[in-house]
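What follows is a short report on a single structure.
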Amino acid sequence: MGEKGSHQFFQNRECEYFPCHKGVDPADFNCLFCYCPLYALGKKCGGNYRYNEKGNKVCADCAFPHCRDNYDAVLSRYGEIMAAVKRMDGEAP
């Protein structure tokens, strides 16, 4: 069996972009949320983002989901993500 909490942290040092965000020690850079689940929350994601001239959300300056210690904080927002999806699908949250 793996080390305790091993499902909470993953690195892909073979990735050509590793580490893809600045500001996180490479030893603690978590690739588990490579595609950030908080992105779906738009302006309420809580991260450091901006919108580019085409109106696309750019998260290059946000390292929140990639910090080893933020796994629980990301998971704590899944209720909000599910509610947002239900609203988009036209279902009551």
Within segment 42-93, how many residues turn out to be of a type in the set (A, V, I, L, M, F, W, C) and either assigned to a helix (DSSP H, G or I) or in contact with a strand residue (DSSP E or B) (Cβ under 6 Å, 6 or more places away or on another chain) (or both)? 11
Considering only residues that are hydrophobic (A, V, I, L, M, F, W, C), closer than 17 Å to Y71 by Cα and in a loop (DSSP other than H, G, I, E, B), which ones fall in segment 12-41? V24, C31, L32, F33, C34, C36
F64 vs. criteria touching a Gly at 6+ places or on another chain (Cβ under 6 Å), of a type outside the set (S, T, N, Q) and within 18 Å of S76 (Cβ to Cβ): yes
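Residue by residue, here is whether (1) aliphatic (A, V, I, L, M); (2) at pLDDT 95 or above; (3) farther than 29 Å from S6 by Cβ holds:
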site	(1), (2), (3)
K22	no, no, no
P26	no, no, no
Y35	no, no, no
K57	no, no, yes
S76	no, yes, no
R87	no, no, yes
A92	yes, no, yes
Pairs, please: C-beta under 8 Å, at least 6 apart or cross-chain, first residue open to solvent by less than 50 Å² (accessible area, probe 1.4 Å) and in segment 14-34, second of a type in the set (D, E, K, R) and outside any loop (DSSP other than H, G, I, E, B)? F29/R68; N30/R68
For segment 43-60, give me the residue count where each residue is farther than 22 Å from G23 by Cα and either touching a helix residue (DSSP H, G or I) at 6+ places or on another chain (Cβ under 9 Å) or open to solvent by 100 Å² or more (accessible area, probe 1.4 Å) (or both). 2
If a residue has to be within 19 Å of P26 (Cβ to Cβ), hydrophobic (A, V, I, L, M, F, W, C) and open to solvent by less than 60 Å² (accessible area, probe 1.4 Å) to count, how many in segment 61-87 make the cut? 3
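The values are calculated or read from the model by the stated rules, or taken from the named source; none is laboratory data. Values in this document were obtained by computation on a predicted structure and should not be read as measured data. Methodologically, a virtual Cβ is constructed for each residue, glycine included, from the backbone with ideal geometry; neighbour enumeration extends over all protein chains shown. Note: areas computed on protein heavy atoms with side chains; ligands, DNA, RNA excluded. Shrake-Rupley method; radii C 1.70, N 1.55, O 1.52, S 1.80 Å.
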